[in-house]
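The values are calculated or read from the model by the stated rules, or taken from the named source; none is laboratory data. Please read all numbers here as calculations on a predicted model, not as lab measurements. Please note: Cβ atoms are built from the backbone with ideal geometry, for glycine as well, and neighbour counts cover all protein chains shown. Accessible surface areas use protein heavy atoms only, side chains included; no ligands, DNA or RNA. Shrake-Rupley method; radii C 1.70, N 1.55, O 1.52, S 1.80 Å.
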Amino acid sequence: METFDVAIVGGGPAGSSCAAFCALAGLRTLVLERENFPREKVCGDCLNPSCWPVLERLGVAQRVRDLPHSKLDSVGFIAIDGHEVVVHLPIGDHCEFSVKRSLFDDLLLKRASDLGTYVCEGTTVTALANSGNWKIETAGGESFSAQTLVGADGRNSTVARLRNLLPRPTRERVALQAHIPLPRNFGSRVVLQFLQEGYSGQAPVNETQLNLCLVGAPPTISRLRQWAERHFEITPDQPWRTITPLTRSPVPCANENLLFIGDVARVVEPFTGEGIYYALRSGELAANAITKIVRRKDRQSALREFTRASAQMYRGRLWINRLARAAVLWPHVGSLFVRAAQIQPAILRLLTRKIVSYRNDEARMTNDG
Ligand SMILES: Cc1cc2nc3c(=O)[nH]c(=O)nc-3n(C[C@H](O)[C@H](O)[C@H](O)COP(=O)(O)OP(=O)(O)OC[C@H]3O[C@@H](n4cnc5c(N)ncnc54)[C@H](O)[C@@H]3O)c2cc1C
């Protein structure tokens, strides 16, 4: 059996980014992905501007821009009583951008494959054993061997669960998502709408479709769906994708020759639309660490550096995440905030710009030395 330098479980943005950077560094790289791509995913489909530098380093920024998409020029915050405050977003090449995950994730996984990654789709990892190297077994009865292992298999990670590291999920909220016909005159904006039972995120993803997300507690989610059916004139047989949990504790990102990236390491509040950025960037950081480990540089210092850089990635951002979570957990409070912003919009503008801003972490790290 061939032993790979690195096996990555999950071919979402985190896994594909890590695989592409590992392959670029010349490592024998394997990705095991449960689904057959292209596949959709519960997501608002919005790329934060900070994604662009990573996509440029991956060599796919232009190809992403060439996919069917929308450039989002504003965010409309709507209070429960219907009052709306609009905050304008930066425009240009590094704008907030929406693209269906079926297209985006497929492009990234293909990029990893084109760079030399061995990709197995339709392959679910079910068992792991570590005896120096990792032995990875799949539902189809195949087994693979690798020196280092990366868990990139999302918020309900099998890898973390198999290693007894997955925090107990709190099933406090559930998300529903669908692509529906784009309402006339919707414009190029993201809408974040507080509702009695939770909230809804809406964004056009191309010239004809709207991404519609609903987030609420399990007992109220059917009321949210009925609201969406009335509001957007969609039929009750509309298929919805669903996911839970929306909140859980983080998992330590470095465990000897096992690294965790993307949603496995930390699930952030979807309201802020930053998860894809963290997935891409943590994939890049893990690839840097794995390259050093495989080239027999000091393993402990590579892992320490990965842990430090991962923490740095979130620095200055998590308090906004907590604020957003509080606003959506108590939509009446979020609504009051929107009403206050009608009189004094500066704070909402500041918070939005803090989240939706172009940030090149690689350049920042180089400058920091
Ligand atoms: C309602 C909602 C809206 C959101 N909106 C946005 C947004 O607008 N913008 C944004 O940036 N983020 C958003 N997010 C967050 C974003 O979706 C995630 O942060 C992002 O998908 C994380 O990427 P990942 O690669 O870590 O995991 P994932 O994208 O979940 O990829 C994990 C992959 O692992 C595979 N896998 C799982 N188990 C196994 C297994 N046992 N074996 C093999 N493969 C396996 C899965 O099939 C999947 O392809 C939203 C999240 C939610 C819930």
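Laid out as a table, the results:
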{"item": "Filtered residues of the stretch 246-272 (kept if touching an Asp or Glu at 6+ places or on another chain (Cβ under 8 Å) and over 18 Å from Asn164 (Cα atoms))", "result": "Leu246, Thr247, Val268"}
{"item": "For Arg308: the one exception among (1) under 30 Å from Glu172 (Cβ atoms); (2) open to solvent by 10 Å² or more (accessible area, probe 1.4 Å); (3) out of contact with any strand residue (DSSP E or B) (no Cβ under 9 Å at 6 or more places or on another chain)", "result": "(1)"}
{"item": "Top-ranked residue in the stretch 8-39 [being under 13 Å from the mean Cα position of the chain (by Cα) and part of a loop (DSSP other than H, G, I, E, B); ranked as farthest from Leu89 (Cα to Cα)]", "result": "Gly10"}
{"item": "Strands (runs of 3 or more DSSP E) enclosed by the stretch 114-198 - at least 2 residues per element that are near the ligand (Cβ under 10 Å from one of its atoms)", "result": "125-131, 133-138, 174-181"}
{"item": "Condition check for Leu329: surrounded by 14 or more Cβ atoms within 10 Å (Cβ to Cβ) and either under 30 Å from Glu84 (Cα atoms) or touching a His at 6+ places or on another chain (Cβ under 8 Å) (or both)", "result": "yes"}
{"item": "Strands (runs of 3 or more DSSP E) contained entirely in the stretch 205-269, each with at least 2 residues that are in contact with a helix residue (DSSP H, G or I) (Cβ under 9 Å, 6 or more places away or on another chain), hydrophobic (A, V, I, L, M, F, W, C) and open to solvent by less than 20 Å² (accessible area, probe 1.4 Å)", "result": "209-216, 258-260"}
{"item": "Subset of the stretch 1-18 [near the ligand (Cβ under 10 Å from one of its atoms) and closer than 17 Å to Glu142 by Cβ]", "result": "Ile8, Val9, Gly10, Gly11"}
{"item": "Subset of the stretch 138-176 (residues that are of a type in the set (Asp, Glu) and either more than 27 Å from Arg248 (Cα to Cα) or at pLDDT below 95 (or both))", "result": "Glu142, Glu172"}
{"item": "In the stretch 81-112, the residues that are open to solvent by 30 Å² or more (accessible area, probe 1.4 Å), at pLDDT below 95 and part of a loop (DSSP other than H, G, I, E, B)", "result": "Asp81, Gly82, His83, Pro90, Ile91, Gly92, Asp93, His94"}
{"item": "Residue within the stretch 288-302 that is of a type in the set (A, V, I, L, M) and under 18 Å from the mean Cα position of the chain (by Cα) present", "result": "no"}
{"item": "Residues (open to solvent by 30 Å² or more (accessible area, probe 1.4 Å), assigned to a helix (DSSP H, G or I) and free of Cβ contacts under 8 Å to residues at least 60 places away in the same chain) located in the stretch 338-352", "result": "Ala340, Ile343, Ala346, Ile347, Leu350"}
{"item": "Subset of the stretch 19-46 [open to solvent by less than 10 Å² (accessible area, probe 1.4 Å), out of contact with any Leu (no Cβ under 8 Å at 6 or more places or on another chain) and within 9 Å of the ligand (Cβ to nearest atom)]", "result": "Leu32, Asp45"}
{"item": "Contacts under 8 angstrom Cβ, first residue in the stretch 253-277 being at positive phi, partner within 6 Å of the ligand (Cβ to nearest atom) and part of a loop (DSSP other than H, G, I, E, B), 6 or more apart", "result": "Gly262/Gly10; Gly262/Gly12; Gly262/Ala152; Gly262/Gly154; Gly273/Gly44; Gly273/Asn48"}
{"item": "Residue, nearest to the ligand (Cβ to nearest atom), within the stretch 240-281, restricted to residues that are in contact with a Lys or Arg (Cβ under 6 Å, 6 or more places away or on another chain) and among the acidic types (Asp, Glu)", "result": "Asp263"}
{"item": "Residue match in the stretch 312-320 (condition: under 26 Å from Val159 (Cα atoms) and crowded, with 16+ Cβ neighbours inside 10 Å)", "result": "yes"}
{"item": "Residues that are among the acidic types (Asp, Glu) and open to solvent by 60 Å² or more (accessible area, probe 1.4 Å), drawn from the stretch 280-305", "result": "Asp298, Glu305"}
